[in-house]
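Here's the structure, in structure tokens; my notes come after.
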2 protein chains.
Amino acid sequence: MAIDVHCHIVPADFPDMPCNCDPGIWPHMDHRPKDEAMVMIGKREFRLVDNRCWDPQRRMKDMDEQGLDMQVLSPMPELLSYWMDKDSGLVMSRHVNGAMAKMIEAAPKRFAGLGMVPLQDPELAAKELSRFKGEWGLSGIEIGSNILGKSPGDPHFAVFFAEAERLGLSVFVHALHPPAKDRLVGPPRLEPFVLFPMDVGLAAASAITGGLRAKYPKLRLGFSHGGGMLASLIHRLQNGWVKNKPLAEAFGSPMEAARTFYYDNVVFDRRLVRHLVDVFGSTQVFVGSDYPFAAGQDDSPAMFDGIGLSEAEKADVLRNNALRFLGLG
Amino acid sequence: MAIDVHCHIVPADFPDMPCNCDPGIWPHMDHRPKDEAMVMIGKREFRLVDNRCWDPQRRMKDMDEQGLDMQVLSPMPELLSYWMDKDSGLVMSRHVNGAMAKMIEAAPKRFAGLGMVPLQDPELAAKELSRFKGEWGLSGIEIGSNILGKSPGDPHFAVFFAEAERLGLSVFVHALHPPAKDRLVGPPRLEPFVLFPMDVGLAAASAITGGLRAKYPKLRLGFSHGGGMLASLIHRLQNGWVKNKPLAEAFGSPMEAARTFYYDNVVFDRRLVRHLVDVFGSTQVFVGSDYPFAAGQDDSPAMFDGIGLSEAEKADVLRNNALRFLGLG
């Protein structure tokens with residue numbers, strides 16, 4: 001049995017829009033037949049979803065088929081709402097966290113949760129963390145790979161990371177609204193396939209060069225999509241760090257830091273999964289799927305098969321690493 | 001013996017600035033004792049270099065020590081000068097190509113060359129290609145991973161790629177002036193370590209999603225720094241292509257295209273070199289070093305040692321792939 005750390009929820013409904021929110025960015029659900037619903041962002045059709053997004057019974061049926069004993073729920077990233085005013089963001093956060101809490105309550109042995117905070121205001125976000133464990137039974141926070149264009153390693157977010165560390169809440173960094181869209185060539189909708197791995201890698205690099213490991217030694221930090229491009233640049237960054245004294249004076253060994261972070265296995269290729277285990281360590285990689293979305297990876301636990309892992313390593317990547325990341329060890 | 005496809009030159013001197021050029025961007029050499037020179041860009045000290053950049057005798061001595069029988073020369077990327085008016089760019093191109101031609105002439109069996117063109121004007125760049133083989137003895141062109149912010153796969157450059165294909169000139173894409181600098185956190189000078197692999201990957205992705213393989217079936221296209229982040233995103237892009245009909249209708253299989261491109265091994269880790277060979281094929285990876293610059297990789301041929309390559313594969317990655325890429329097979 002395995003734990004899927006990267007899977008998303010959308011609440012079945014949203015609260016009324018706060019009076020100070022821009023109506024163009026507040027979501028609501030347009031429910032349709034066959035347990036489907038269109039997530040509307042303002043008047044824009046954002047994504048057609050179904051009850052896998054909000055129904056714990058439906059999810060548990062799928063989990064049984066997938067050989068999962070636990071899913072770690074996190075918000076569909078578009079709900080993170082950093083682009084709202086902070087008060088509207090707080091309303092959204094509490095609503096989504098509350099919806100996740102109810103799903104966890106329905107089956108506390110089958111679900112854990114990574115909630116959300118209005119990180120457009122790091123002070124407010126940090127304050128909100130005190131409610132995570134007690135009120136909602138959440139194990140950590142999902143944050144974007146950038147927050148309104150700022151990388152997570154930016155000192156701007158210090159108060160948030162300090163509080164997450166103090167409270168023993170995990171932080172899972174998920175791809176969100178990447179830059180460099182003008183560099184894509186070809187048909188629309190390439191963004192998640194080309195720029196998501198880029199943005200997660202930018203976030204992970206910022207955590208390294210921003211010295212988060214030294215600043216928050218007990219912080220548990222994980223990255224979606226196998227850390228994206230990090231595996232393609234970490235050795236180059238390490239070489240630069242070794243050869244350039246100003247870099248070595250500013251932050252610790254990139255490779256050592258990278259080997260304390262966690263990474264899911266949503267990378268669509270077994271050899272790349274093996275490479276991630278080689279680079280980051282068999283104690284740092286866990287199962288993820290992007291369930292229930294179309295861009296997700298089917299049969300994620302099996303991505304660890306046939307790549308030469310020992311039984312002990314297999315137990316780590318399937319379950320133990322996830323529990324350690326979540327602080328549920 | 002091996003062929004190093006990624007190593008740079010700087011001419012010993014530059015011509016007088018054309019009268020229509022911005023004086024802030026025209027380079028000159030400030031020669032100093034001990035065969036050193038400061039490359040000045042306008043009044044700015046850009047980089048301290050030495051006679052390894054321009055002296056073929058000095059280079060051949062190093063090549064003998066490194067076990068290289070051939071270096072493939074290319075301009076220091078900052079000389080590509082896309083940010084100049086096109087006429088000044090043309091003056092610079094001809095000067096640099098001429099300097100490379102002289103180095104090649106000094107030892108035609110030890111040097112080949114990838115010249116430059118003023119790609120800020122694709123028509124002008126395409127026209128200039130007719131001089132490459134006959135006048136300068138060059139085998140191809142080094143281009144930037146972006147040209148004034150446009151990815152190489154953009155149809156804007158069609159006339160250039162068509163002409164390079166027609167003339168049998170190789171195209172080597174090198175990291176240059178990446179975007180997303182505002183996403184770096186920490187000390188200055190992180191750009192080459194974090195953003196170069198990103199930008200080369202953006203360029204390679206654009207070649208795939210822009211359909212360059214189908215448009216120019218005989219074009220030989222190579223990427224610096226192991227293709228940068230491409231190895232971290234190609235499987236995700238492939239998965240998106242398989243699952244999304246509009247993508248499959250717009251361009252061919254990403255994995256198949258990626259396995260027709262070439263990649264150097266400037267990635268600073270043997271396991272990553274092995275991973276590149278696994279992903280892209282043992283016929284598509286060759287030696288590169290970034291010689292003679294500080295960010296370069298020492299002992300690049302040895303990066304293919306101890307990674308389980310057969311003798312035939314070893315001959316390919318050390319020599320044959322480079323010769324095939326250059327059209328010198």
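In the condition set (1) open to solvent by 50 Å² or more (accessible area, probe 1.4 Å); (2) in contact with a Lys or Arg (Cβ under 9 Å, 6 or more places away or on another chain); (3) more than 28 Å from A:SER300 (Cα to Cα), B:GLN284 is compliant with all but (1). Residues in region A:241-259 that are open to solvent by 50 Å² or more (accessible area, probe 1.4 Å) and part of a loop (DSSP other than H, G, I, E, B) were compared, and the one that is farthest from the other protein chains (Cβ to nearest Cβ) is A:ARG259.
When residues in region A:9-25 are screened for being surrounded by 13 or more Cβ atoms within 10 Å (Cβ to Cβ) and touching a helix residue (DSSP H, G or I) at 6+ places or on another chain (Cβ under 7 Å), 7 of them pass. Applying the condition of being out of contact with any strand residue (DSSP E or B) (no Cβ under 6 Å at 6 or more places or on another chain) and among the β-branched types (Val, Ile, Thr) to region B:267-301 and asking which residue is farthest from the other protein chains (Cβ to nearest Cβ) yields B:THR283. A count restricted to region B:260-271 and to residues that are crowded, with 24+ Cβ neighbours inside 10 Å and in a helix (DSSP H, G or I) stands at 0. The listed residues are B:PRO152, B:PRO192, and the only one of them that is touching a Phe, Trp or Tyr at 6+ places or on another chain (Cβ under 9 Å), closer than 29 Å to B:ALA295 by Cβ and not aromatic (Phe, Trp, Tyr) turns out to be B:PRO152. Regarding A:SER88, is this residue in contact (Cβ under 8 Å) with a residue 60 or more places away in the chain, part of a helix (DSSP H, G or I) and either crowded, with 18+ Cβ neighbours inside 10 Å or within 14 Å of another protein chain (Cβ to nearest Cβ) (or both)? For A:SER88, the condition - in contact (Cβ under 8 Å) with a residue 60 or more places away in the chain, part of a helix (DSSP H, G or I) and either crowded, with 18+ Cβ neighbours inside 10 Å or within 14 Å of another protein chain (Cβ to nearest Cβ) (or both) - is met. With the condition kept exactly as written, say whether any residue in region B:48-58 is touching a strand residue (DSSP E or B) at 6+ places or on another chain (Cβ under 8 Å), surrounded by 15 or more Cβ atoms within 10 Å (Cβ to Cβ), assigned to a helix (DSSP H, G or I) and touching a residue at least 60 places away in the same chain (Cβ under 8 Å). Within region B:48-58, one or more residues are touching a strand residue (DSSP E or B) at 6+ places or on another chain (Cβ under 8 Å), surrounded by 15 or more Cβ atoms within 10 Å (Cβ to Cβ), assigned to a helix (DSSP H, G or I) and touching a residue at least 60 places away in the same chain (Cβ under 8 Å). Entry remark, region B:208-226: residues being more than 8 Å from chain A (Cβ to nearest Cβ), buried (at least 24 other Cβ atoms within 10 Å of the Cβ) and within 22 Å of B:LEU73 (Cβ to Cβ) number 4 in total. For region B:153-207, the candidate set comprises residues that are closer than 17 Å to B:PRO118 by Cβ and β-branched (Val, Ile, Thr); within that set, the residue that is nearest to the other protein chains (Cβ to nearest Cβ) is B:VAL173.
Tell me the residue from B:ALA322, B:ALA312, B:ALA295 that is open to solvent by less than 50 Å² (accessible area, probe 1.4 Å) and either at pLDDT 95 or above or in a helix (DSSP H, G or I) (or both), please.
Going through B:ALA322, B:ALA312, B:ALA295 in turn, just one is open to solvent by less than 50 Å² (accessible area, probe 1.4 Å) and either at pLDDT 95 or above or in a helix (DSSP H, G or I) (or both): B:ALA322.
The values are calculated or read from the model by the stated rules, or taken from the named source; none is laboratory data. Keep in mind that what you see is a predicted model, and the values were worked out from it rather than measured. Cβ sites come from the backbone with ideal geometry, for glycine too, and all protein chains shown count toward neighbours. Remember, those area values only see protein heavy atoms, side chains included, never the ligands or the DNA or RNA. Shrake-Rupley method; radii C 1.70, N 1.55, O 1.52, S 1.80 Å.
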